[in-house]
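The values are calculated or read from the model by the stated rules, or taken from the named source; none is laboratory data. Since the structure is predicted, the reported quantities are computational estimates derived from the model, not experimental observations. Here Cβ is always computed from backbone atoms with ideal geometry, including for glycine, and neighbour counts include all displayed protein chains.
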Amino acid sequence: MSTELRIDANRLAARIEALGAVGAIPGGGVCRLALTDEDRAGRDLVQGWMRELGLAVSIDAIGNVVGVRLGIEPGPPVMAGSHIDTVRTGGRFDGNLGVLAGLEVIQALNDAKVVTRRPLAVAFFTNEEGARFSPDMMGSLAYVGGLPLENALATVGIDGESVGDCLKKIGYQGPAPCGQPQVHAYVELHVEQGPVLDLEGITIGAVEGVQGISWTEFTVLGLSNHAGTTPMRLRHDAGYVACAIAHEAREIARSLGGDQVATVGAINLSPNLVNVIANRAVFTVDLRNTGEGVLQQAERRLHAFAGEIAAAEGVTLSHRVLARFEPVSFDPAVVALVEATARRLGHSVRRLPSGAGHDAQMLARVCPAGMIFVPSVGGISHNVKEFTAASDLEAGANVLLHTLLALAN
Ligand code: HGY
Ligand code: MN
Ligand code: MN
């Protein structure tokens, strides 16, 4: 009977549209930075859908929201989840798809009056993006006990506000302890956000794991001076040092090759004026690699270069780690189940690693976890142009439905 079970693609599309209207920005994208009013509005909308579907909803102390559907037997649920916070120039699918497809699975089971042996749950985790408050995957990391709650609440974001204050302001500092309910198994449907599936014309990705992530914020302090009167030999130019390190980050990625990536996404100079030598530069370097050893090599080279160029320019350099996660491998049985389910439903499928971080990499610390990818057209994401074809959204949600059914029965 269950092999005929399918999700309702139009209902899923309607919810993606409705959630995409919350914090909508020109070009078809979304801006719902974690713990902002837009995030609250998105949370309220999704929580309302959870309740309409009969889920028992709990909100924990870091604002993670979990809706549980009873099974025939009590016990830890099989969970589908992701995030609904976005980067400032987000697409409508990043994170949102995994949560809304989870709700669509629940509604399809409700319509078919199918009750699973184990309970099912749908969750969205707080601040997966890490764009406002570091690290990324903060809520799911706290959920699995990888980050003490008080540290998470005390974290100050890029605009000077703390997680705890913002959580209170939007009314999502919940009563449930982090980590409840415990999870039997976790599956996350997500857009690939990279070019692989789209380029190869493959519908489903059976994700084998997530690459290592290293986020560092550097602060360079130099000496402001006149851009016209100061001879080059007398300069202590924070802007020059920041740009030199940014260039070196790219050089390191080029020379290491393979999976190594490097990004300087945020850079602030002060006083940031055309005719004043910058006395202060604050910027971030995002390094990632599927291999922990090579990632550490990249980090060593970056810090060695930064130290040398700072000494040569006579500026002071400090840094702080914003996020550092080693590569994660998903449970081989879950990866195989995703692959087999995709095949059984008649979809092309291949295994691949995830270039992006995901909540699934945190849940993998406490239960068997895996991910299902669907193609991102042109590999575009963290960009309002992010797009996935309706047929691929439907395929991914059906693979999620049957993967969850297999794990829950
Ligand atoms: O940065 C990431 O990989 C994710 O979008 N948080
Ligand atoms: Mn995401
Ligand atoms: Mn993202």
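Condition (residue is assigned to a helix (DSSP H, G or I), over 21 Å from residue 209 (Cβ atoms), basic (Lys, Arg) and without any contact (Cβ under 8 Å) to a residue 40 or more places away in the chain) applied to segment 344-353: is it met by at least one residue?
no
Hand me the list of strands (runs of 3 or more DSSP E) wholly inside segment 252-319 holding 3 or more residues that are loosely packed, with under 14 Cβ neighbours inside 10 Å and in contact with a helix residue (DSSP H, G or I) (Cβ under 6 Å, 6 or more places away or on another chain).
Qualifying strands (runs of 3 or more DSSP E): none found.
Return the only residue of 358, 382 being crowded, with 17+ Cβ neighbours inside 10 Å, within 16 Å of ligand 1 (Cβ to nearest atom), at pLDDT 95 or above and on the phi > 0 side of the Ramachandran plot.
That would be 382, the only listed residue that is crowded, with 17+ Cβ neighbours inside 10 Å, within 16 Å of ligand 1 (Cβ to nearest atom), at pLDDT 95 or above and on the phi > 0 side of the Ramachandran plot.
Considering each of 109, 97, 35 in turn, give the residue that is in a helix (DSSP H, G or I), surrounded by 19 or more Cβ atoms within 10 Å (Cβ to Cβ) and either more than 16 Å from ligand 2 (Cβ to nearest atom) or more than 22 Å from the chain's Cα centre (by Cα) (or both).
That would be 109, the only listed residue that is in a helix (DSSP H, G or I), surrounded by 19 or more Cβ atoms within 10 Å (Cβ to Cβ) and either more than 16 Å from ligand 2 (Cβ to nearest atom) or more than 22 Å from the chain's Cα centre (by Cα) (or both).
Which number in (1) among the aliphatic types (A, V, I, L, M); (2) within 16 Å of ligand 3 (Cβ to nearest atom); (3) surrounded by fewer than 24 Cβ atoms within 10 Å (Cβ to Cβ) marks the one condition that residue 221 misses?
(2)
Taking only pairs six or more apart or across chains, which ones have beta-carbon atoms under 6 Å, a first residue in segment 116-128 that is of a type in the set (A, V, I, L, M, F, W, C), and a second residue that is modelled with pLDDT of 95 or more and part of a loop (DSSP other than H, G, I, E, B)?
Correct list of pairs: 120/77; 121/77; 124/83; 124/84; 125/64; 125/83; 125/359.
Residues 73, 17: which one is in a loop (DSSP other than H, G, I, E, B), away from ligand 2 (no atom under 16 Å from the Cβ) and charged (D, E, K, R)?
Residue meeting the stated conditions: 73.
Please go through segment 56-67 and pick out each residue that is part of a loop (DSSP other than H, G, I, E, B) and crowded, with 24+ Cβ neighbours inside 10 Å.
Answer for segment 56-67, where residues must be part of a loop (DSSP other than H, G, I, E, B) and crowded, with 24+ Cβ neighbours inside 10 Å: 62, 63, 64.
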